[in-house]
Amino acid sequence: MRGCGCYLHIEPLLLWCTQVSFIVAYFWAIGLYVYSLVLHRRNRQQLQHSKTHQSSPDIESKTHEPIETTALINGDKSSSNASKMTGVLQDFWSTPLVRCMLMDQQAVMDSSGMLLHMVEFGTILVWFFMCDRTNMFWQSEKWYNRDLFWFLFLCLTLVALGSSLQPVRTPLLLNRPQTEEWKGWMQVLFLLYHYFEARELYNAIRIFIAGYVWMTGFGNFSYYYRTGDFSIGRFCQMMWRLNFLVIFCCIVLQNSYMLYYICPMHTIFTVFVYACLGIAPQLNKSP
């Protein structure tokens, strides 16, 4: 019982720490993005200032300076590259994100686009929190109207028929364009179902979810069977794509991971397919 009580006291503390970490990272990204804008503006001003002095008499002597400096830089780079030690830690410290954390000006300038995306993503999560965890906006009960539901779906279908139809180059059954189209229509129905809380479609939505999860497993099986790429990097990339938004929503909103049940289902099926084909890959194509 003491262990359970300790766990109950530690869990809220961990949730609070994760929210504080997100807030710190969010404002850190905003600060670095603003700093990158300042650096870009400073560089533009320096370029304009240098252009105004190009008409000076000693311009010919100055034109040779970059050549000498570049030669020296290239010489320094060649000598330093020969003395560098390769390793995982060196690659880690040379990543743009870590260099931005170390306030490397060149890295901050080069990563301004990435910092902008981080700020946008953090702003979306803050918007989620404001809408779902505060009383800043009006809240209302979900209201289901069958006629409105099917009217919206019919309008979307007509728009899709007039704009998204295209010939399929691969005549194979369950090719990627076909499965992607299938997934897209099921996602539309998922959104309409949860938005209107259309309970009469509950059984159909369960079937669609099962079909969606099956197609995830089928796509992973086709990839592993065709390419034989069982690298850890590709597997981690797949796990990140499936769970990164859910993990951040759980951190910001303090929701349970199982609340977003579709992502755990995709994750476990991906792990199963990877384990079944990756344990003994030499037996995958054996008769």
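The values are calculated or read from the model by the stated rules, or taken from the named source; none is laboratory data. Keep in mind the model is a prediction, meaning the values are calculated, not measured. So basically every Cβ, Gly included, is an ideal-geometry build from the backbone, and we count neighbours across all protein chains shown. Note: areas computed on protein heavy atoms with side chains; ligands, DNA, RNA excluded. Shrake-Rupley method; radii C 1.70, N 1.55, O 1.52, S 1.80 Å.
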Worksheet item: SER50 is checked against (1) over 30 Å from LEU125 (Cα atoms); (2) at pLDDT 85 or above and fails just one. What number does that condition carry?
Response: (2)
Worksheet, complete the sentence: Selection over the range 215-236 where residues are among the polar types (S, T, N, Q) and out of contact with any helix residue (DSSP H, G or I) (no Cβ under 7 Å at 6 or more places or on another chain) yields a count of 3
Worksheet item: Is it fair to say TRP240 is closer than 30 Å to TRP16 by Cα, under 24 Å from the mean Cα position of the chain (by Cα), surrounded by fewer than 15 Cβ atoms within 10 Å (Cβ to Cβ) and of a type in the set (Phe, Trp, Tyr)?
Response: yes
Item to complete: Under 7 Å between Cβ atoms, at least 6 apart or on separate chains: pull out the pairs that start in the range 218-237 with a residue that is more than 20 Å from GLN178 (Cβ to Cβ) and end on any residue that is open to solvent by 50 Å² or more (accessible area, probe 1.4 Å).
Response: GLY228/PRO281; PHE230/PRO281
Discussion item. I need the full set of residues from the range 189-227 which are at positive phi and surrounded by 14 or more Cβ atoms within 10 Å (Cβ to Cβ), in order please.
Written reply: none
Item to complete: Please find, within the range 255-287, the residue that is farthest from ASN220 (Cα to Cα) out of those that are open to solvent by 40 Å² or more (accessible area, probe 1.4 Å), part of a helix (DSSP H, G or I) and among the β-branched types (Val, Ile, Thr).
Response: ILE262
Worksheet item: Got a number for residues in the range 104-162 being open to solvent by less than 70 Å² (accessible area, probe 1.4 Å) and not in a helix (DSSP H, G or I)?
Response: 5
Response to the item:
When LEU174 is run through (1) in a loop (DSSP other than H, G, I, E, B); (2) out of contact with any helix residue (DSSP H, G or I) (no Cβ under 6 Å at 6 or more places or on another chain); (3) open to solvent by 100 Å² or more (accessible area, probe 1.4 Å); (4) farther than 21 Å from TYR261 by Cβ, the failure sits at (3)
Worksheet item: Does VAL252 satisfy the condition of being in a helix (DSSP H, G or I), of a type outside the set (Lys, Arg) and within 17 Å of ALA210 (Cα to Cα)?
Response: no
Worksheet entry | Close pairs from the range 171-191: first more than 18 Å from GLY217 (Cβ to Cβ) and without any contact (Cβ under 8 Å) to a residue 24 or more places away in the chain, partner of a type outside the set (D, E, K, R) and open to solvent by 40 Å² or more (accessible area, probe 1.4 Å), Cβ under 6 Å, at least 6 apart | PRO177/VAL168
